[in-house]
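As structure tokens, the structure follows; a few thoughts come after it.
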Amino acid sequence: MKNLFKNLLPYKWIALLILLLLFGQAFCDMNLPQYTQKMIDVGIQNKGIEHILPQMMEDEEFDALYELCNNEQKAVLDDVYAGEAPRAYSDDVTEETLEAADELMLDPVVERYNSLNKGTKQNAEQTEQEASLESLSEDAENETLLAMGYAYAAQCDEAAGVDVDAIQSSYMWKCGLMMFLMAILMLICTIAVSFLSSRVGAGIGKDLRGKLFRNVMSFSTYEMDSFHTSSLITRATNDIQHVQMTSTMLLRMMLYAPCICTWAIIKVYQTHAHMNFVIVTGTVGLLLLLGGVMTVVTPRFKIMQTLVDGLNSVSREILTGIQVIRAFGREKTEEHRFNDANKALYKNQLFTSRMMTLLTPIMMIVMYGLAIWIMWVGSKRIDTGTIQVGALTAFISYAMMIVSSFLMIAGMFLFLPRAGVAADRVQEVITTQTSVKDAEDAVSIGRDVKGLVKFDHVSFMYSDAEENVLTDIDFEAKPGETTAVIGSTGCGKTTLIDLIPRFYDVTEGAVSIDGKDIRKLTLESLRHAIGYVPQKGILFSGTIESNIRFGKLNASDEEVAEAARTAQADDFIEEKEEKYESYIAQGGTNVSGGQRQRLSIARALAKKPKILIFDDSFSALDMKTDAELRRALAEEVADATKIIVAQRVGTILHAEQIIVLDDGRIVGKGTHEELMNSCDVYREIAESQLSEKELYG
């Protein structure tokens, strides 16, 4: 999970801006129920009157109220009102003064209200309320007295000729306008948060893909084998997508949910509804529910990513080998193998989906159950006068916000474990150090490369193996000569030549070029000096020309054509309608195996390297093309060091030096004639492939 949050660090300032915008959004969200409460309690019930002292009073009424006041209360009246009858608020009266007067003037105002309405229906209702005051709580009693005070203010305003309906209408419009402005501001904040969080999420995805790809490009063959191609593809696509999506949601929801939840709890307390026990009970229940679900679901998310890797691996293997599968009639078997991997992932995803699906309705039941409970308790409180209708409405709104925030948190917690696992998997690739890298004091190989390759008592062992693959390999490959490596299958031929471009590093001994240990050379300059043709001809989507130019982008048209001629590829290229601009599909699937090999050889020749390595690169060529290619190589790249891994003895008959490998050791070294006399292993291979006339002329 740490790696998931670590990805946000480069975007900390944008995240801070998002947090500020979320506070603005939460501020608006929190104030909307408050204005609803005001519209109901003040706008509707109190006719828009906010204070118990009327805006205007007849002189007689002022004197009557004045008589009921003590000295402190009289001073308040003198401060609030100015002029003669009718008395009105003075110009310098402040909201703070009126709010203080609401508390200080409550008793004389209520007493005056009762005397004015003695014998009326209002007074009868009021007398009944007063009779029950002793049984009410302090808050309920205060609410009842304030209701009398507001009624007194409305009565006095009407008597003095004030348009109370206009006051009410003005108040409602003012609250409605504020709600509209809050909604607009909240909309702006929401859009800004969505834009910025999406930008951060996309940026994180781009950064991770870039880091992962750059690091994978530096991997040696050992690291590539350790992670497997299918797993690397899953991590670069599926895993990063989860991290990107969750990062976006994290900024939009995970930051907002605690913010609005905490603020709503504070607002609930400020409503003075005295139903906090309802919220506490609901919150504890939700936390227990979330904790239980996360305990069950989290391990499943860790398993899910491994199952995705497995499914991708099976899919890739089946699709790559589809022709072989069809040739051997194994379609049904492979379908069963795919179905097994698919079903395992399906069961895991079905379980997590069911838990997510189950959680949502349970949370909704809790939310609406909480609303019903609040209404049931609140209706009794309204009946006793403890709270007003608007306060109950606001309380329900805040309670729903608290529950909604838990719903958001619940949704995030269902994504977080999987995203955390995905982030760890991506980070594992990014932080893996390649075992083959430039030494601190590495130098460039230089331009004047002769191409003398020397193996000085080299041994090699794979890191997870128990014994050497190659042991005490000692020979020189000289410029202008062809050095061939031959041996039985699995004797280490490909591993031997993979040590030259440092696909692996030797375990013992040293490989040098022109007397320089290749571990002391920069990888870029080392591989620039080598033309490598792999055992399997690999081409890239593009054109024939772009594939030949792959190793030397600035190669001229003449150099491209020359490389193709030397590789014996010009004949089939010229037959194509678009010639060198002919399209090559990914992997070279739209050309034959022999054509792929010849284009791979042309690609290596176009670099004009000093060292040419052919890893059984003539196996798909017919004997005539093979002979013509070897003749062209001898003429066109005469000064280069040529190292050829071969299975066919006919390909290497005229090599200046033949290295015979058996079980990872050199068992013979020399020319064809010398080895026929001195090396039993070579003689057995040669006699199994060639006739006596071909062997001895």
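Assess whether LYS174 counts as being more than 23 Å from the chain's Cα centre (by Cα), assigned to a helix (DSSP H, G or I) and basic (Lys, Arg).
Yes.
Scan the stretch 158-178 for residues that are surrounded by 13 or more Cβ atoms within 10 Å (Cβ to Cβ) and among the hydrophobic types (A, V, I, L, M, F, W, C) and jot them down.
Hits for the stretch 158-178 are ALA159, ALA160, VAL162, VAL164, ILE167, MET172, CYS175, MET178.
May I ask you to verify whether LEU196 is buried (at least 18 other Cβ atoms within 10 Å of the Cβ) and modelled with pLDDT of 90 or more? Even if it seems obvious, please write down each step before you answer.
On the way: buried (at least 18 other Cβ atoms within 10 Å of the Cβ): yes; modelled with pLDDT of 90 or more: yes.
In short, yes.
What is the number of the single condition among (1) more than 30 Å from GLN34 (Cα to Cα); (2) loosely packed, with under 15 Cβ neighbours inside 10 Å that VAL284 does not meet?
Here VAL284 meets the rest and fails (1).
Please go through the stretch 425-480 and pick out each residue that is of a type outside the set (Gly, Ala, Ser), within 23 Å of LEU633 (Cβ to Cβ) and in contact (Cβ under 8 Å) with a residue 24 or more places away in the chain.
ILE445, VAL449, LYS450, LEU452, VAL453, LYS454, PHE455, PHE475, GLU476, LYS478, PRO479
Considering only residues that are under 18 Å from MET186 (Cα atoms) and not hydrophobic (A, V, I, L, M, F, W, C), which ones fall in the stretch 1-55?
Once the filter is applied, which keeps residues that are under 18 Å from MET186 (Cα atoms) and not hydrophobic (A, V, I, L, M, F, W, C), the stretch 1-55 yields GLY24, GLN25, ASP29, ASN31, PRO33, GLN34, TYR35, THR36.
Specify which of the listed residues (ARG630, ARG598) is under 19 Å from VAL485 (Cα atoms), of a type outside the set (S, T, N, Q) and touching a residue at least 12 places away in the same chain (Cβ under 8 Å).
Testing whether each residue is under 19 Å from VAL485 (Cα atoms), of a type outside the set (S, T, N, Q) and touching a residue at least 12 places away in the same chain (Cβ under 8 Å) leaves just ARG630.
Which is surrounded by fewer than 21 Cβ atoms within 10 Å (Cβ to Cβ), in contact with a strand residue (DSSP E or B) (Cβ under 9 Å, 6 or more places away or on another chain) and either in the same structural domain as ILE188 (by TED's automatic domain parsing) or under 20 Å from ARG112 (Cβ atoms) (or both), of LEU77, LEU53, LEU65?
Exactly one residue qualifies, and that residue is LEU77.
Using beta carbons and a limit of 8 Å, which pairs, at least six apart or on different chains, have the first residue in the stretch 657-685 and over 22 Å from THR495 (Cβ atoms) and the second one among the small types (Gly, Ala, Ser) and surrounded by 17 or more Cβ atoms within 10 Å (Cβ to Cβ)?
THR671/ALA655; HIS672/ALA655; HIS672/ALA686; MET676/ALA686; SER678/GLY668; SER678/GLY670
Among the residues in the stretch 643-665, are any in the same structural domain as ASP456 (by TED's automatic domain parsing), of a type in the set (Lys, Arg) and under 23 Å from LYS450 (Cα atoms)?
Checked the stretch 643-665: no residue is in the same structural domain as ASP456 (by TED's automatic domain parsing), of a type in the set (Lys, Arg) and under 23 Å from LYS450 (Cα atoms).
Tell me, which helices (runs of 4 or more DSSP H) wholly within the stretch 227-331 include 2 or more residues that are farther than 20 Å from ALA422 by Cβ?
Helices (runs of 4 or more DSSP H) meeting the threshold: 256-270, 276-320, 322-327.
Where the second residue is part of a helix (DSSP H, G or I) and of a type in the set (Lys, Arg) and the first is closer than 23 Å to GLN427 by Cβ and lies in the stretch 6-20, which pairs have Cβ atoms under 8 Å and are six or more apart or on separate chains?
Sorted first by the residue in the stretch 6-20, then by its partner, the pairs are ILE14/ARG199.
Restricting attention to the stretch 618-628, which residues are modelled with pLDDT of 80 or more and either crowded, with 22+ Cβ neighbours inside 10 Å or β-branched (Val, Ile, Thr) (or both)?
Listed by number, the list holds a single entry, THR625.
Kindly list, by first and then second residue, each pair from a residue in the stretch 188-209 that is in a helix (DSSP H, G or I) to a residue that is of a type in the set (D, E, K, R), limited to pairs with Cβ atoms under 7 Å and residues at least 6 apart or on different chains.
Once the first residue is in a helix (DSSP H, G or I) and sits in the stretch 188-209, its partners that are of a type in the set (D, E, K, R) give VAL193/ARG252; SER194/ARG252; SER197/ARG252.
Can you find, within the stretch 80-99, the residue that is farthest from LEU53 (Cα to Cα) among those that are touching a residue at least 12 places away in the same chain (Cβ under 8 Å) and exposed (fewer than 14 other Cβ atoms within 10 Å of the Cβ)?
For the stretch 80-99, the residue satisfying everything is GLU84.
The values are calculated or read from the model by the stated rules, or taken from the named source; none is laboratory data. The structure presented is a predicted model; accordingly, all values stated were derived computationally and were not measured. Counting neighbours? That spans all protein chains shown, and the Cβs are built from the backbone with ideal geometry, glycine included.
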